[in-house]
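What follows is one structure encoded as structure tokens, with my remarks underneath.
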Amino acid sequence: MLYCLLIAFMALIVLVDQLVKAVVSANIPLGEVIPAIPGIFHWTHFHNTGAAFSMLQGGRWLFAAVCLVGLAVTVALVWKKVLTNRVELWCLAAIFGGGIGNLIDRLRLGYVVDMIEVEFMNFAVFNIADAFISCGAVALVVYVLFFDREKKPKEETVHDPEA
């Protein structure tokens, strides 16, 4: 049942991401800015052939390969029951849901459609898929670093009578 929910979650991310990208592409000319929530964000139609922050422009096939290999390795690790922690699986589902959303753009268009530009700080224009990738990755790192601790029994102090 968990795996069905994870797949549905990934599919929902891909669906919402692709729907928003289609609406933006159809209604906002490339480069145009449309106010959304003043002081928070506005819509900016942008095409990105690179990775985050437009790094490695033109790396379409590299990014596609990394996404597919990462997805294949993760599926294999889940299949072999190496990855079983529910929190980690939900984080990975968010990451790969977003990754698949951007992969579809890269394969279909040769670029990723970005549209969300925050106003309260200087940050790259991004999309729904990017948000899930970033939030999933941050949540995974925080969980692994701070909450995924094996409960070890407290060591009993051994009293050496000869000491």
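On a 0 to 90° scale, report how tilted helix 2-27 is relative to the longest principal axis of the chain, with both axes built from alpha carbons and the result rounded to the nearest 10.
In the chain, helix 2-27 runs at an angle near 20 degrees to the longest axis.
Can you give me the angle between helix 86-109 and the longest principal axis of the chain, using Cα atoms only, in degrees from 0 to 90, rounded to the nearest 10?
Helix 86-109 and the main axis of the chain meet at about 30 degrees.
Simple spin-label model, 7 Å along Cα-to-Cβ: Cys135 to Glu119 in nm?
So the two model labels end up 2.1 nm from each other.
Figure the gain on full extension for Trp61 and Leu107 (residue separation times 0.36 nm, minus the Cα-Cα span) and round it to one decimal in nm. All intermediate terms of the calculation are to be shown ahead of the outcome.
On the way: separation 46, 0.36 × 46 = 16.56 nm, distance 0.83 nm.
Using 0.36 nm per residue and subtracting the Cα-Cα distance, I get 15.7 nm.
Over all distinct Cα pairs, what is the inverse of the mean 1/r for the chain, reported as the Kirkwood hydrodynamic radius in Å? It would help to have the intermediate numbers written out before the result.
Numbers: mean 1/r = 0.0559 Å⁻¹.
Across the chain, the inverse of the average 1/r is 17.9 Å.
Hey, can you rank 20-31, 129-140 by average C-beta count inside 10 Å, highest first? Walk me through the intermediate numbers first.
Details: 20-31: 13.6, 129-140: 18.8.
Per-residue mean Cβ counts within 10 Å order the peptides as 129-140, 20-31.
When you count, for each residue, the other Cβ atoms within 10 Å and take the mean per peptide, how do 100-106, 143-149 rank with the highest first?
Numbers: 100-106: 21.3, 143-149: 10.6.
Result, highest mean first: 100-106, 143-149.
Please state the shape class of the range 73-131: rounded when a/c is under 1.5, otherwise prolate if a/b exceeds b/c and oblate if not, all from the C-alpha gyration tensor. Don't jump to the answer; show the numbers that get you there.
Details: a/c = 4.59, a/b = 1.73, b/c = 2.65.
Note, shape of the range 73-131 comes out oblate.
Mind jotting down the three principal axis lengths of the range 1-46 based on Cα atoms? Whole angstrom, largest first.
43, 24, 12
Placing +1 at every Lys and Arg Cβ and -1 at every Asp and Glu Cβ, with all other atoms neutral, what dipole size does the chain have around its Cα centre, in debye to the nearest 20?
Numbers: 11 positive and 14 negative charges, 123 e Å.
My answer is approximately 600 debye.
Provide the per residue accessible area, probe 1.4 Å, for the chain, rounded to a whole number of square angstrom. It would help to have the intermediate numbers written out before the result.
Working: 10770 Å² over 163 residues.
Heavy-atom accessible area per residue stands at 66 Å².
Can you pull the one-decimal nm distance between simple spin-label points at Thr84 and Val33, each 7 Å off the Cα toward Cβ?
That separation, rounded to one decimal, is 5.2 nm.
Quick check: pseudo-label points 7 Å beyond the Cα along Cα→Cβ at Ile40 and Ala72, how many nm apart are they?
Each label point lies 7 Å from its Cα, and together they span 4.2 nm.
The values are calculated or read from the model by the stated rules, or taken from the named source; none is laboratory data. These numbers come from a predicted model, not from an experiment. Every residue, glycine among them, receives a Cβ derived from its backbone with ideal geometry; neighbour counts consider all protein chains shown. These area figures cover heavy atoms from the full protein model, side chains too; ligands, DNA and RNA do not enter into them. Shrake-Rupley method; radii C 1.70, N 1.55, O 1.52, S 1.80 Å.
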